[in-house]
Structures are given as C-alpha cells and as structure tokens.
Amino acid sequence: MKSGKILIIVTNHSKYPSRTDTTGLWVTELTHFCDIVKEAGFEMDFASPQGGATPLDERSLGWLYMDKSAWAHLNDSSFMEK
C-alpha cells in the first residue's frame, strides 16, 4: 500500500564557484534515502532547481563508498531516468 508521494530535490551544481575541483550529488546520500522511502511505501520523483541532468560527484563513485544499494540504483534504468 502506497503512503503517498515524495518529491526529492537534487543538485544541478557540478563545480564550486571559487574552486577548481568538481562536485555533484553524492550517490549514497540519495540511494540510502530512497531505500528508506521506498520501504515506507512512498513513491518518489526527483527535481532539480534548473531541471535537466544531475551531475554525480565522481568521488562518491569510488570503491570505498559504493555499496550494493548504490550499484543497484545506478544499474536501474527507470531510476536513472527520473
């Protein structure tokens, strides 16, 4: 039984304004939250302030941070299309 819908706001930023390194969405911050929301029965949708693609922080894709949940979400085309 669905509990309702949640709109999750994600970033558009890929660069810091005053630095040379890149940034973006930290993958597991989103995927772990999505796991909890889904388990609670909520539907999810995503939006960003400027619309369009959400950049991923490359550092969050490292072996130290990626877990089963993150890989499952990244390999789920319906999740990635949202």
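Only the coordinates and a few stated rules stand behind these numbers; no lab work does. Nothing here was measured: the structure is a model prediction, and the numbers come from that model. Quick reminder, even Gly has a Cβ in these numbers, built from the backbone with ideal geometry, and neighbours come from all protein chains shown.
Restricting to the chain, compute how many DSSP beta bridges are antiparallel as a %, nearest 5. Don't jump to the answer; show the numbers that get you there.
Numbers: 1 of 8 bridges.
That works out to approximately 10 percent antiparallel.
For the chain, what does the helix formula give at 222 nm: sum of -39500 (n - 2.57) over DSSP H segments with n ≥ 4, over the residue count, nearest 500 deg cm²/dmol?
It lands at -8500 deg cm²/dmol.
What does the charge dipole of the chain about its Cα centre add up to, to the nearest 20 debye, if the Cβ of each Lys and Arg holds +1 and the Cβ of each Asp and Glu holds -1?
The calculated dipole for the chain is roughly 140 debye.
For LYS5, go through the lysines and keep the ones whose alpha-carbon is under 17 Å away, minus same-chain ones fewer than eight residues off.
Here the lysines satisfying the reach criterion relative to LYS5 are LYS38, LYS82.
Normalised by the number of residues in the chain, what is the relative contact order in percent for Cα pairs under 8 Å and 6+ residues apart?
Values: 116 pairs, mean separation 31.3, N = 82.
Relative CO of the chain lands at 38 percent.
From the backbone phi of region 61-73, what are the Karplus-calculated ³J(HN,Hα) couplings (6.51 cos²θ - 1.76 cosθ + 1.60, θ = phi - 60°) in whole Hz, Gly and Pro given as x?
8, x, 4, 5, 9, 6, 10, 4, 4, 4, 4, 4, 5
Output ³J(HN,Hα) for region 3-13: one whole-Hz value per residue in order, computed from phi by the Karplus curve 6.51 cos²θ - 1.76 cosθ + 1.60 with θ = phi - 60°, and x for Gly and Pro.
Result, rounded to whole Hz: 8, x, 10, 10, 9, 9, 8, 10, 7, 10, 6.
To the nearest 0.05, how large is the calculated FRET efficiency for GLU43 and ASP21 if R₀ is 30 Å and r is the Cβ-Cβ distance?
Calculated transfer efficiency: 0.30.
Rounded, prolate or oblate: which fits the chain, taking a ≥ b ≥ c as square roots of the Cα gyration tensor eigenvalues, rounded meaning a/c under 1.5, else prolate when a/b beats b/c? Before the final figure, lay out the partial values.
On the way: a/c = 2.40, a/b = 1.46, b/c = 1.64.
Because a/c hits 1.5 or more and a/b fails to exceed b/c, the chain counts as oblate.
With everything on Cα atoms, drop me the angle between helix 27-39 and the longest principal axis of the chain, reported from 0 to 90° to the nearest 10.
So the helix axis and the longest Cα principal axis differ by about 10 degrees.
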